[in-house]
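S.K.: Supplied in structure tokens, the structure appears directly below.
Values quoted throughout were computed directly from the atomic coordinates according to the rules given, and no laboratory measurement underlies them. Not measured: the values here are computed from a predicted model. Backbone-built Cβ (ideal geometry, glycine too); neighbour counts: all protein chains shown.
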Amino acid sequence: MANQQATGIKRLINAFRYSIKGFKAAWQNEEAFRQECVAALVMLPAAIWLGQTVEQQALLILSFLLIPLTELMNSAVEAIVDRVGTEHHELSGRAKDVASAAVMLSMMMVCVVWGLIIADQFFH
């Protein structure tokens, strides 16, 4: 648990360490997160190549990064729900489903952004 007494640079260092710990946990425990990280190895260079302007490149990159971001939040919700209890409960299922829907929505956003920029690039 975070040191609530830390302030200034010490708080920032602690926050950075906890974030790295979170990335490691997601990498070790979440296959979807690993897949998205591997996809980033292709998608991020593709964004640089595909974007005609810095603005388009930023849209392509940032829209793609929404996917692992929402996957991290989804994983956090799942971990909390599972920590509370493994028995089926309507609210637990709803929380997991809503978090999963957020991941799907982020993927849909990527499809729209990338689709529009690709259409502009190749069919305009």
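S.K.: Rounding to the nearest 10 and keeping the result within 0 to 90°, find how far the Cα-based axis of helix 90-123 lies from the longest principal axis of the chain.
M.R.: 20
S.K.: Scan around Ala6 for amide H atoms under 5 Å from its own, H built in the peptide plane at 1.01 Å from N, and keep only partners 5 or more places away or cross-chain.
M.R.: none
S.K.: So if the hydrodynamic radius of the chain is defined as the Kirkwood radius over C-alpha pairs, what does Stokes-Einstein give as its diffusion coefficient at 4 °C and 1.567 mPa s, in µm² per second?
M.R.: 78
S.K.: Also, I was wondering about something else. Within region 95-111, which residues have the backbone N less than 18 Å from the label spot 7 Å out from Leu69 along Cα→beta-carbon, could you tell me?
M.R.: Once the point is set 7 Å along Cα→Cβ of Leu69, 99-111 turn out to lie under 18 Å by backbone N, inside region 95-111.
S.K.: Follow-up question, since we're still on this one. Do you know the relative contact order of the chain, to the nearest whole percent, from alpha carbon pairs under 8 angstrom that are 6+ apart?
M.R.: Across the chain, relative contact order equals 24 percent.
S.K.: Calculate how steeply helix 31-50 sits against the longest principal axis of the alpha-carbon atoms of the chain, using the helix alpha-carbon long axis, and give the answer as 0 to 90 degrees to the nearest 10.
M.R.: 30
S.K.: Using θ = phi - 60° and the Karplus curve 6.51 cos²θ - 1.76 cosθ + 1.60, what whole-Hz ³J(HN,Hα) does each residue of region 67-78 get, with Gly and Pro shown as x?
M.R.: 5, x, 4, 5, 5, 4, 5, 4, 5, 5, 4, 4
S.K.: Straight-line reach from Lys10: which lysines fall under 29 Å, measuring Cα to Cα and dropping same-chain residues less than 8 apart?
M.R.: Correct list for Lys10: Lys21, Lys24.
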